1. Return the residues of the range 147-191 that are touching a His at 6+ places or on another chain (Cβ under 9 Å) and hydroxyl-bearing (Ser, Thr, Tyr); say none if nothing qualifies.
2. For the range 375-421, what are the residues that are over 28 Å from the mean Cα position of the chain (by Cα) and touching a residue at least 40 places away in the same chain (Cβ under 8 Å)?
3. Hey, could you check the range 133-188 for residues that are β-branched (Val, Ile, Thr) and not in a strand (DSSP E or B) and say which is nearest to residue 69 (Cα to Cα)?
4. Residue check, residue 191 against (1) crowded, with 17+ Cβ neighbours inside 10 Å; (2) within 22 Å of residue 60 (Cα to Cα); (3) not β-branched (Val, Ile, Thr), all met but one. Which one?
5. Find the residue count for the range 539-586, including only residues that are in a helix (DSSP H, G or I) and out of contact with any Ser or Thr (no Cβ under 7 Å at 6 or more places or on another chain).
6. Of the residues in the range 232-256, how many are at pLDDT below 90, assigned to a helix (DSSP H, G or I) and out of contact with any strand residue (DSSP E or B) (no Cβ under 9 Å at 6 or more places or on another chain)?
7. Just to be sure before I move on: is residue 466 surrounded by fewer than 20 Cβ atoms within 10 Å (Cβ to Cβ) and modelled with pLDDT under 85 in the structure I sent?
8. Inspect the range 147-164 for any residue being hydroxyl-bearing (Ser, Thr, Tyr), buried (at least 21 other Cβ atoms within 10 Å of the Cβ) and over 48 Å from the mean Cα position of the chain (by Cα) and give the result as yes or no.
Amino acid sequence: MKQKTGPKNYQFQTEIGSLLDLLANSLYSNKEIFLRELISNAVDALAKVKFDSLTDNSLLDKDEELKIDIKVDEKEKSFSITDNGVGMTKQELVDNLGTIAKSGTMAFLKNLGDQKEKNLDLIGKFGVGFYSVFMVATEVSVETASSQDKNEFAHRWVSNGEGVFTIEKIEPRARGTKISFKFKKNTHDLASKWRIEEVIKQYSNFTPFKIEVNGEQINRQNALWTKNKSQIKEDEYNELFKYLSGTAEKPRFTYHYNSDAPLQFNVIMFIPQKGNNALFQNQRDSQLHLYCKKVFIQDDCKDILPAWLRFVHGVVDSHDLPLNVSRQTLQNNPILSKIQNFLIKKILGEWETLKRTNKEAFQEFWQNFGVFVKEGIYSDFGRREMLLKLYHSYTSKNKDEIVSLQEYVDRMGPEQKEIYYIHGKSRSQVEVSPNLEYFKQNKIEVLYLYEEVDEFVISSIGTFADKAIVSVDKAEIQEPKSDSKKVDDKKEDTSTDSPSELQFTKLKENFKHVLGDKISDVHSSKRLVDSPCTLVSHKDAPTFGMEKALKMMNKDFSEAKNILEVNFKHPIIKNMIKIQKRLPQDAIIKETIELLFDNCLIIKRNLELDSLIFSKINKMLHKTTSIYLKSLD
């Protein structure tokens, strides 16, 4: 047996001291990262010896278990991590731990040549991440025995990270590597079994080899997303979802994808039962975790999915993702962009299939997550066309069923040129609006929009299938014609006491005089059927719903003045004209105008009132003005 010699001093590569200081104190944001890096290096060593044993049966004993053994002594504040992997020779110690730039793993892959395409899962850069240990240790010892040395000698590498390291031969030891040190005073919080376990579960929970801490296995090992989905049971998916989401619920939907080309990555995504409907929030409620070859990199990675998909939980494990030396900052966002495009296309494809194959399930999904799709339509212009295919709403023809924009267009009459919508808090509240009367009479379908975001979405769309999308509250709305049999309009009043055009004009002026700057103008209405008057917005002004949303966002927002449309065929208005003809200055005219306007204002502002109250008020006004007219005879 060869004789041992004393330790020999070596100098780190030029300027290694300043680089070590940067690595240990600046590059890594969390000191606990050292454990992730040491475990990653140990996993590589185990993967290498497993690969080598395929051609050299002598490397592994028949019953030998490849694993990582961690010891932590809270009293002594000491730590060690041992693996029975490939180990290192003396020269490899010099090469791998004498320079920041050297990577034992990269050199190994390079030497494999064409064999590197085989199933070999290597992670890191020994000699790079390793130096993170100096964040928590003042002096580090590395004892290693290489599979190449046939256990003739082992070697010990020791350094305090200040520019010099020593290497010496030591007594033979089992193949593999042991790294040991004592924690610095300012990192004593890491010197406990529970804290080490916590870090392992966060960063290295799914590594392919067993990790033991003081004799107890800590990691799961089973990275579910790397398995073929045909081999996975529903309970396993549910367990992973609960782990990621921190809930006891089962997911609503589970999506599992494996991609080998052009990028290699594995993905499991979950749609929860419900989502947080807060719109345009920077804070995510998702738990989309990013891994690199089963090593945890980042939770809630905001670069994988856009904000409007923030309710998605899951895991993305990329083999191609380039990382910086700390594995904390992503260097090449184009890789993530490609993954993102793949995932969004897949997700939207799943929802499109659900829409076609299970309308009831899609409607339930839309009620819980439609608001996020609407946010995407408004904010993600590049994917708007895909998202618009999913947009659904209730309509005047469907009380309990939602329909897509395309379904609406498909059943439009041949003479209908526009898509019509109205916004309100509920169906009962929407249907009170006098602005719907023409559409109801002519059996023209109208979209019923109940969420504030709908106003922003619809206004941002503008057109769909070459059809302008128009609010029924707009003053200059194009008068549509239905393809269905039109209900008979009220016949033109040709009686001898029919009001003249001059009398109409005088009453309009009276409305303007009484209401003053509360309105911008008074028009004769073609849209009203059963109501005496209504408020409408100018063509270029915000709709009523949009005004309300803008007011909520900015308390100083000033509403535009509306146009008052008057139905001169209505009995109340006819009575007012007759009273005005006989008593132009009568107080009942002013009082009726004010009450009619107040009713219109209540409807415009979507105040919660019994829908019958407006018809009751109109009936009362009709009776009042009729009785008053008789009293004048």
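1. From the range 147-191, those touching a His at 6+ places or on another chain (Cβ under 9 Å) are 149, 167-170; that's our starting set.
Within the range 147-191, none qualify.
2. Of everything in the range 375-421, those that are over 28 Å from the mean Cα position of the chain (by Cα) and touching a residue at least 40 places away in the same chain (Cβ under 8 Å) turn out to be 396, 397, 409, 412, 413, 414, 415, 416, 417, 418, 419, 420.
3. Here is the first cut: in the range 133-188, the residues β-branched (Val, Ile, Thr) are 133, 136, 138, 140, 142, 144, 158, 164, 166-167, 170, 177, 179, 187.
Next, from what is left, pick out any that are not in a strand (DSSP E or B): 133, 136, 187.
Details: 133: 17, 136: 19, 187: 21 Å.
So, considering only residues that are β-branched (Val, Ile, Thr) and not in a strand (DSSP E or B), the one nearest to residue 69 (Cα to Cα) is 133.
4. Only one criterion is unmet by residue 191, namely (2).
5. Matching residues across the range 539-586 total 16.
6. 3
7. Numbers: surrounded by fewer than 20 Cβ atoms within 10 Å (Cβ to Cβ): yes; modelled with pLDDT under 85: no.
Spelling it out, it is not the case that residue 466 is surrounded by fewer than 20 Cβ atoms within 10 Å (Cβ to Cβ) and modelled with pLDDT under 85.
8. Restricting attention to the range 147-164, the residues satisfying the condition of being hydroxyl-bearing (Ser, Thr, Tyr) are 147, 159.
Retained after the next criterion (residues that are buried (at least 21 other Cβ atoms within 10 Å of the Cβ)): 147, 159.
Next, only the ones that are over 48 Å from the mean Cα position of the chain (by Cα) stay: 147.
Yes, the conditions are met somewhere in the range 147-164.
The values are calculated or read from the model by the stated rules, or taken from the named source; none is laboratory data. Nothing here was measured: the structure is a model prediction, and the numbers come from that model. Neighbour counts are summed over all protein chains in view; Cβ atoms, including those assigned to glycine, are modelled from backbone coordinates with ideal geometry.
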